[in-house]
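The values are calculated or read from the model by the stated rules, or taken from the named source; none is laboratory data. Values in this document were obtained by computation on a predicted structure and should not be read as measured data. Cβ atoms come from the backbone with ideal geometry, glycine included; neighbour counts cover every protein chain shown. Surface areas here come from the heavy atoms of the whole protein model, side chains and all, with no ligands, DNA or RNA. Shrake-Rupley method; radii C 1.70, N 1.55, O 1.52, S 1.80 Å.
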Amino acid sequence: MSRVYNFSAGPAMLPEAVIKKASEEMLDWQGEGMSVMEMSHRGKAFMSIAAKAEADLRKLMAIPENYKVLFLQGGASTQFAMIPLNLLGDKTSADYINTGMWSKKAIAEAKRYCDVNVAATSEDSGFSTVPEFSSWKLNPDAAYVHYTPNETIGGVEFNYIPDTGDVPLIADMSSTILSREIDVSKFGIIYAGAQKNVGPAGLTIVIIREGLIGNAGDNVPAMLNYATHANADSMYNTPPTYAWYLAGMVFDWVLQQGGLTAMAEVNERKAAKLYDAIDSMDFYANPVEKQYRSWMNVPFTLKDSELDAKFLEEAGKLGLQTLKGHRSVGGMRASIYNAMPEAGVDTLVQFMKDFAQANS
Ligand code: PMP
């Protein structure tokens, strides 16, 4: 059977070369006589896999030395709690920017632990834009500022990094990490569930400035304390070894593609092709203000939603899969992460043109 173009928002497509290599190494990883799945996380073989993955991620993102890279479990959703639990210290409030569904989830979780000041929101616009930085009402006493650089459901992406001065900036990069270069030094914490641009589900990447580690209260569970994981090189308990190994192969693959600059070039082009198609036909629409349109998640609607089922069925026959939009917004969504080949976007664009013509 041939592989399809899978436009899922996550778990999402992985580079074919990575899956092939994993399958070649499935029974016997480099002469060890066992699969990576079967290895002790404390053995030499896995330790080398883990160290290479971290080194490659550091190289890719130019992560400064005063940052730890943690390979955790629990998904980005667990970070929604770990952030206030670890960063509040003596403070009682934190600033949050609300740009969509994932911001809201982070806010709801933080409210269990502190006063949440929503310093800016784009809810009035139906989350079709990003609040201008000059409009943010930041609290200088906040423990941190949290935002979601790319909203996976709304398809809204920041085109700037806010400058929050001495207040640590925390970013949920689940659906944008590794899509382009970013200056890690501007952030206190960058976190991401792996299942979009990094690897399989089950692994969560946390890149954290060292000064933010070690401030959790005594009542914070060990597993939810950054210090626990930082002090044990993410091996306090059994880490998600196979997901870590696959993520390492993805980092290697991104390096081979030319790193994040090369990735960004392709990503920008793929997104532009899709938005151009949407904008050039009355048949399709995307509500997001152009400068804030996501490179990774492209939601769009058909003029007549009665045609949605037919669109999905015919797309599916061409191997264009998982285009159905999130249940909360309807319509379609094409997630075009790093592993989506440009040919996948080209095939989708051609199909959209053909479908519009046949159904107008
Ligand atoms: N934040 C964003 C931006 C997401 O897209 C997602 C998952 N779709 C999450 C958080 C939640 O991630 P997880 O399922 O890994 O907890």
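Among the residues of segment 331-350, those identified as open to solvent by 10 Å² or more (accessible area, probe 1.4 Å) and in contact with a strand residue (DSSP E or B) (Cβ under 7 Å, 6 or more places away or on another chain) are G331, R333, T347.
Yes or no: segment 135-150 includes at least one residue that is at pLDDT 95 or above, more than 16 Å from the ligand (Cβ to nearest atom), open to solvent by less than 10 Å² (accessible area, probe 1.4 Å) and part of a strand (DSSP E or B). Within segment 135-150, one or more residues are at pLDDT 95 or above, more than 16 Å from the ligand (Cβ to nearest atom), open to solvent by less than 10 Å² (accessible area, probe 1.4 Å) and part of a strand (DSSP E or B). Taken as a whole, the condition of being more than 26 Å from M332 (Cβ to Cβ) and surrounded by fewer than 18 Cβ atoms within 10 Å (Cβ to Cβ) does not apply to E123.
Here the condition is being touching a His at 6+ places or on another chain (Cβ under 6 Å) and outside the structural domain of Y337 (by TED's automatic domain parsing); of I177, I170, I207, I97, it holds for I170 alone. Taking K137 as meeting all but one of (1) out of contact with any helix residue (DSSP H, G or I) (no Cβ under 8 Å at 6 or more places or on another chain); (2) within 12 Å of Y96 (Cα to Cα); (3) in contact (Cβ under 8 Å) with a residue 60 or more places away in the chain, write down the number of the exception. Single failed check for K137: (3). For the condition more than 22 Å from E157 (Cβ to Cβ), away from the ligand (no atom under 16 Å from the Cβ), at pLDDT 95 or above and within 21 Å of the chain's Cα centre (by Cα), D115 does not qualify. For segment 177-196, the tally of residues that are under 12 Å from the mean Cα position of the chain (by Cα) and open to solvent by 10 Å² or more (accessible area, probe 1.4 Å) stands at 3.
Taking segment 185-283 and the helices (runs of 4 or more DSSP H) fully enclosed by it, the elements with 3 or more residues that are farther than 30 Å from D346 by Cβ and away from the ligand (no atom under 16 Å from the Cβ) are at 226-231, 241-256.
You will find that of G154, G165, the residue that is within 16 Å of the ligand (Cβ to nearest atom) and assigned by TED's automatic domain parsing to the domain that holds N86 is G154 and no other. Tell me the residue from N219, N225, N231, N237 that is open to solvent by 10 Å² or more (accessible area, probe 1.4 Å), free of Cβ contacts under 8 Å to residues at least 12 places away in the same chain and under 30 Å from G43 (Cα atoms), please. Just a single option satisfies the conditions, and that option is N231. Among the residues making up segment 18-69, those that are over 27 Å from the mean Cα position of the chain (by Cα), among the hydrophobic types (A, V, I, L, M, F, W, C) and outside any helix (DSSP H, G or I) are L27, W29, M34, M39. The number of residues in segment 1-56 that are surrounded by 15 or more Cβ atoms within 10 Å (Cβ to Cβ) and either at pLDDT below 95 or not hydrophobic (A, V, I, L, M, F, W, C) (or both) comes to 14.
No other residue among K324, K270 is open to solvent by 10 Å² or more (accessible area, probe 1.4 Å), under 20 Å from Q195 (Cβ atoms) and not assigned by TED's automatic domain parsing to the domain that holds K52 apart from K324.
Within segment 164-181, residues that are farther than 25 Å from R269 by Cβ reach partners that are in a loop (DSSP other than H, G, I, E, B) and within 14 Å of the ligand (Cβ to nearest atom) with beta carbons closer than 7 Å, at six or more positions or on different chains, in the pairs D172/T148.
Within segment 284-321, being free of Cβ contacts under 8 Å to residues at least 40 places away in the same chain, under 21 Å from G154 (Cβ atoms) and not in a strand (DSSP E or B) holds for K290, K303, S305, D308, L312. Scanning segment 67-103 for residues that are within 15 Å of the ligand (Cβ to nearest atom) and under 14 Å from L212 (Cβ atoms) gives L70, Q79, M82, I83.
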